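Below is one structure, written out as structure tokens, with a few remarks after it.
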Amino acid sequence: MRMDDNEYMRLALQLAEKGCGWTAPNPMVGAVIVKDGRIIGQGWHEKYGQPHAERNALAACTESPKGATMYVTLEPCCHHGKQPPCVDAILEAGIHRVVIGSADPNPLVCGKGVQILQTNGVKVTENALREECDQINQVFFHYIKTKRPFVVMKYAMTMDGKIATYTGASKWVTGEAARNHVHQQRNRYTAIMAGVGTVLADDPLLTCRIDGGKNPIRIICDSRLRTPPMAKVITTAEQVPTIIATCCSDREKQTVYEEAGCRILLTNEKNGHVDLEDLMEKLGQDGIDSILLEGGGTLHWAALESGIVQKVQAYIAPKIFGGKIAKTPVEGTGVPDPADGFLLRNSTITRLGEDFLIESEVRQHVHRHC
């Protein structure tokens, strides 16, 4: 039985996901080549700087792709970057039809890839499984449009909204399946960010602990440079790239961290703390396209208030800790009125062992910076 366009595109999406964690700041892309109802080639963008999905699929063909149909999750590129244009390879191969999932928002492509193919007699079908194809490249689309990182605010809490007990103990709120999922996210996103409060309280390593995974770049928001030189994030800075974001310009203090292998990133100051909008601007310029924010309640509130958060991941354990002074995921001042709350949309719920993961997009307030 022959598969239809959506089924082939679904296969291309599965291939695209194989590049997860390795393609940034490029998008994840998968491609499938079909001739006479048979799959003759498939590929994905495996790593930044390496051939794109289309060229990998063509190289894997078991017979001539002339007259075949190519299914690709993102509009083929038509400009020279780290790799030559994919439209050239498609035309040279004699592909008869191209089915595309997402349009590419990159101004260097943005419809031009489709136009070149059509001008050269290739039939083009657009928007196959568009929603799913857009979804896997949320990070790329956000970064290419704003030149700022896509920020995912993550926390684990009990059913009564506590991230620790009243004594400060937080290991472990959730079970093993949820904790494994967190490490998959650390592999997926380019950087991980925490505040000095988290470092002082937990002394975390902030690395990815899955086989074959990669460590995210660590970013510590430390306005006054209070991170202990013996903290794990400092003593391992030679092995894992570590950035200390601060507004403290004291060279003597900075040198301690630099000698340990950290990079000091000086930002503007806002309300006595690191200006998070300025920090995002600088990190974006450095090619950091995504951040998993694993801060405490203070940093989470500051991040929401400054409008830098695009997505929230709440891991919820079926437990109740209670305690008036037990910590919650978002602290700070809070909003004065229910109508002022940060609205979340497009929520999905995933069961992870006994725990639940709720993922939602942050609907940016109109008066806040988007």
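Within the option set 296, 322, being open to solvent by less than 40 Å² (accessible area, probe 1.4 Å), more than 17 Å from residue 191 (Cβ to Cβ), modelled with pLDDT under 95 and not aliphatic (A, V, I, L, M) holds for one residue only, 296. Hey, does segment 174-187 have a residue that's open to solvent by less than 30 Å² (accessible area, probe 1.4 Å) and β-branched (Val, Ile, Thr)? Yes - at least one qualifying residue is present in segment 174-187. Contact map, segment 334-349: residues that are free of Cβ contacts under 8 Å to residues at least 40 places away in the same chain and closer than 30 Å to residue 135 by Cβ paired with residues that are open to solvent by less than 90 Å² (accessible area, probe 1.4 Å) and among the aromatic types (Phe, Trp, Tyr), Cβ distance under 8 Å, separation 6+ or inter-chain. Pairs shown: 335/342; 349/356.
For beta carbons closer than 8 Å, sequence separation of 6+ or different chains, a first residue in segment 259-270 that is within 16 Å of residue 241 (Cα to Cα) and a second that is aromatic (Phe, Trp, Tyr), the qualifying pairs are 264/257.
Out of 233, 256, I need the residue that is β-branched (Val, Ile, Thr), over 30 Å from residue 176 (Cα atoms) and in a helix (DSSP H, G or I). Which one?
Details: 233 fails: over 30 Å from residue 176 (Cα atoms).
Criteria check complete, one pass: 256.
Within the option set 325, 308, 316, 288, being assigned to a strand (DSSP E or B) and either of a type in the set (Phe, Trp, Tyr) or touching a residue at least 40 places away in the same chain (Cβ under 8 Å) (or both) holds for one residue only, 316.
Out of all the residues in segment 310-318, is one or more hydrophobic (A, V, I, L, M, F, W, C) and open to solvent by 30 Å² or more (accessible area, probe 1.4 Å)? For segment 310-318, residues hydrophobic (A, V, I, L, M, F, W, C) and open to solvent by 30 Å² or more (accessible area, probe 1.4 Å): absent.
Kindly provide the set of residues from segment 14-57 that are assigned to a helix (DSSP H, G or I) and open to solvent by 20 Å² or more (accessible area, probe 1.4 Å), ordered by number. Step through it out loud before you land on a result.
So in segment 14-57, the residues assigned to a helix (DSSP H, G or I) come out as 14-17, 53-57.
If the condition is that a residue be assigned to a helix (DSSP H, G or I) and open to solvent by 20 Å² or more (accessible area, probe 1.4 Å), then 14, 17, 55, 56 are the ones that fit.
Number of residues in segment 90-114 that are under 22 Å from residue 139 (Cβ atoms) and in a helix (DSSP H, G or I): the value is 1. Scanning segment 233-282 for residues that are open to solvent by 80 Å² or more (accessible area, probe 1.4 Å) and under 14 Å from residue 195 (Cα atoms) yields a single hit, 273.
Residues of segment 61-80 being part of a loop (DSSP other than H, G, I, E, B) and either open to solvent by 50 Å² or more (accessible area, probe 1.4 Å) or of a type outside the set (Gly, Ala, Ser) (or both), which ones? Spell out the reasoning first.
Step one: of segment 61-80, the residues part of a loop (DSSP other than H, G, I, E, B) are 61-68, 75-80.
Those that are part of a loop (DSSP other than H, G, I, E, B) and either open to solvent by 50 Å² or more (accessible area, probe 1.4 Å) or of a type outside the set (Gly, Ala, Ser) (or both): 61, 62, 63, 64, 65, 66, 75, 76, 77, 78, 79, 80.
Residues that are buried (at least 18 other Cβ atoms within 10 Å of the Cβ) and touching a residue at least 40 places away in the same chain (Cβ under 8 Å) within segment 207-221 comprise 216, 217, 219, 221, listed in sequence order.
Is it the case, given these coordinates, that residue 87 is aliphatic (A, V, I, L, M) and either at pLDDT 95 or above or outside any helix (DSSP H, G or I) (or both)?
Details: aliphatic (A, V, I, L, M): yes; either at pLDDT 95 or above or outside any helix (DSSP H, G or I) (or both): no.
Judged against the criteria, residue 87 is not a match.
Exactly one residue out of 194, 156, 164 is open to solvent by less than 30 Å² (accessible area, probe 1.4 Å), in contact with a Pro (Cβ under 8 Å, 6 or more places away or on another chain), touching a residue at least 40 places away in the same chain (Cβ under 8 Å) and not β-branched (Val, Ile, Thr): that is 194.
The values are calculated or read from the model by the stated rules, or taken from the named source; none is laboratory data. Just so we're clear, the structure is a prediction, and the values are computed from it rather than from any experiment. No Cβ is skipped: glycine too gets one built from the backbone with ideal geometry, and neighbour counts run over all protein chains shown. These area figures cover heavy atoms from the full protein model, side chains too; ligands, DNA and RNA do not enter into them. Shrake-Rupley method; radii C 1.70, N 1.55, O 1.52, S 1.80 Å.
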